[in-house]
1. Among the listed residues 224, 304, which satisfies the condition of being touching a Lys or Arg at 6+ places or on another chain (Cβ under 6 Å), modelled with pLDDT under 95 and buried (at least 23 other Cβ atoms within 10 Å of the Cβ)?
2. How many residues does region 186-213 hold that are part of a loop (DSSP other than H, G, I, E, B) and at pLDDT below 95?
3. Report, by residue number, each residue of region 88-116 that is surrounded by fewer than 17 Cβ atoms within 10 Å (Cβ to Cβ) and not basic (Lys, Arg).
4. May I ask you to list pairs of residues, at least six apart or on different chains, whose Cβ atoms are under 8 Å apart, with the first in region 232-261 being within 24 Å of residue 301 (Cβ to Cβ) and without any contact (Cβ under 8 Å) to a residue 60 or more places away in the chain and the second being among the small types (Gly, Ala, Ser) and not in a helix (DSSP H, G or I)?
5. How many residues, within region 267-292, are crowded, with 18+ Cβ neighbours inside 10 Å and either part of a strand (DSSP E or B) or more than 18 Å from the chain's Cα centre (by Cα) (or both)?
6. For region 217-266, how many residues are over 19 Å from residue 95 (Cα atoms), in a loop (DSSP other than H, G, I, E, B), among the charged types (D, E, K, R) and touching a helix residue (DSSP H, G or I) at 6+ places or on another chain (Cβ under 8 Å)?
7. Of all residues in region 173-185, how many are assigned to a loop (DSSP other than H, G, I, E, B) and open to solvent by less than 20 Å² (accessible area, probe 1.4 Å)?
8. Give the residues of region 293-305 that are hydroxyl-bearing (Ser, Thr, Tyr) and either part of a loop (DSSP other than H, G, I, E, B) or under 13 Å from the mean Cα position of the chain (by Cα) (or both), sorted by residue number.
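The values are calculated or read from the model by the stated rules, or taken from the named source; none is laboratory data. Please read all numbers here as calculations on a predicted model, not as lab measurements. All Cβ positions, glycine included, derive from the backbone under ideal geometry; neighbour counts span all protein chains shown. Note: accessible area is taken over every heavy atom of the protein model, side chains too, but ligands, DNA and RNA are not part of it. Shrake-Rupley method; radii C 1.70, N 1.55, O 1.52, S 1.80 Å.
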Amino acid sequence: MLIQGTLDLIGKTPLVSLEKLSGKFCNIYGKLEYVNPGGSIKDRVGYQMIKDAYASNKLKKGQYVVEMTSGNMGAGLAVVCRQYGNPLITVMSKGNSPERIKILEALGAKVLLVDQIDGTPGKVTGNDIDHAASIAIQIAEEKNAFYANQFNNSSNVRAHFEMTGPEIWSDLPSIDLFVTSIGSGATFIGTSSFLKAKNPTIKCIAVEPENSAILKTGKVLNAKHIIQGTGYGRIPSFWDTNVVDGIITVTDQEVIEMKNRLSEELGLFVGYSSGANVVASLKLAKEQKDMVNIVTILPDTGYKY
């Protein structure tokens, strides 16, 4: 199959049967997002943001793009911006894994690291994210740059409504449950909105860290957890309870064990959010009395950790 260019590699990711983890009452499928060129589902969003910014004349060739990132959004933007001819500056909390810094720089992005507020290495909090975002906004203003603003940019949701959701529906229209973790919330909201438009009986379940489950419990017991890019203890600006059928929580230990199982048993070297999503899917599977098809997201590669 001939691919015309790098941007054509974004999306159309495979939906993989996790047959070794499926059971008597469920088939679990994972959407393998690490095959995107930037190594995560955020490539879709980066592409949509830049396309929309050009279409609305908010961005021109050669103009700087600035974004706060935990790594994946930055990598996605780096891939896309290089193809469009826009230099990229990413602002990242020092608590994120050093592997992500190396990847961003290798993809041509400039990386500015900022101190954590109350997190620790490997555990980035909502306050850490807020601080990094404030620095990113300042830089964007100084450089007259386009600030991508993933947490408030509607292109984020649009990418999943127009790409991720339709791809899942095309591959498995008999889906019963859709399960994924919450960072900006756009993957969940965009995908769930599309799937429910096709079949309102599909149940869409959000995933949060057990001690940072603000959507489920209304409070944060501990903002520090290992699932980078999710569970910031903030209600996402995109949040829409109309497409939420439930919220399930997972522990760090459960996530670590599942991440290792996915690598060792299925040969899928994924990150911690993938472990969280599959753990949650298995918990839901145990509640079923009839056979169901569960689709979840495997957002990124384990090489980023």
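1. When all the criteria are applied, what remains is 304.
2. 1
3. 98, 99, 105, 106, 108, 112, 113, 115
4. 259/271
5. 5
6. 1
7. 5
8. 296, 301, 305
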